[in-house]
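Here is the structure we will look at, set down as structure tokens.
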Amino acid sequence: SSGINAELQAQQGGDQAEKQARQQEMKNSMLSAILDQQARARLNTIAQVKPERAQKVEMMLINMYQRRQIVGQVGEAELIKMLEEISKTEPKGSKVNFDRRRVVLDSDSD
């Protein structure tokens with residue numbers, strides 16, 4: 001009976017993955033309708049660096065779209081304003097720090 005259970009779990013896992021894929025596809029098509037190309041490209045770039053922030057923006061955009069608060073497509077400038085608003089509400093610890101390490105050539109070490 002453990003073989004049947006494993007098979008059922010695998011099938012449920014597949015259904016779950018399929019459901020997630022469908023949701024992701026729906027989200028992507030909605031975002032494509034909401035954002036123009038530059039804004040979409042910027043959001044994709046942000047998603048690679050800060051996935052949680054990108055997700056927050058995506059949900060915000062979809063919610064606004066569903067409440068008909070967005071008319072037409074959102075451009076890059078509007079997206080940047082939204083990102084700035086979100087970063088104001090986030091704790092200050094989320095600031096990007098550039099750590100520039102200076103390489104010191106030390107001839108005494110050898």
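The values are calculated or read from the model by the stated rules, or taken from the named source; none is laboratory data. In this text, all values refer to a predicted model and were calculated from it rather than measured experimentally. Reconstructed Cβ throughout: ideal geometry from the backbone, glycine too, with neighbour counts over all protein chains shown. Accessible surface is based on the protein model in full, side chains and every heavy atom, while ligands, DNA and RNA are left aside. Shrake-Rupley method; radii C 1.70, N 1.55, O 1.52, S 1.80 Å.
A few notes on this one:
- Taking amide H as placed 1.01 Å from N in the peptide plane, Leu35 has its amide H under 5 Å from the amide H of Val74, each at least 5 places away in sequence or on another chain.
- Accessible-area value, Leu8, 1.4 Å probe, nucleic acids and ligands omitted, Å²: 90 Å²
- Förster radius 30 Å - calculated FRET efficiency between Leu8 and Met30, Cβ distance, rounded to 0.05: 0.40
- Largest-first ordering by accessible area, 1.4 Å probe, given options Val71, Val49: Val71, Val49
- Here the label points at Ser87 and Met60, each 7 Å from Cα along the C-beta direction, are separated by 1.2 nm in the simple model.
- Partners for Lys88 among lysines (Cα-Cα distance below 26 Å; same-chain residues under 8 apart left out): Lys27, Lys50, Lys56
- Only protein heavy atoms count here; on that basis, with a 1.4 Å probe, Ser32 has an accessible area of about 60 Å².
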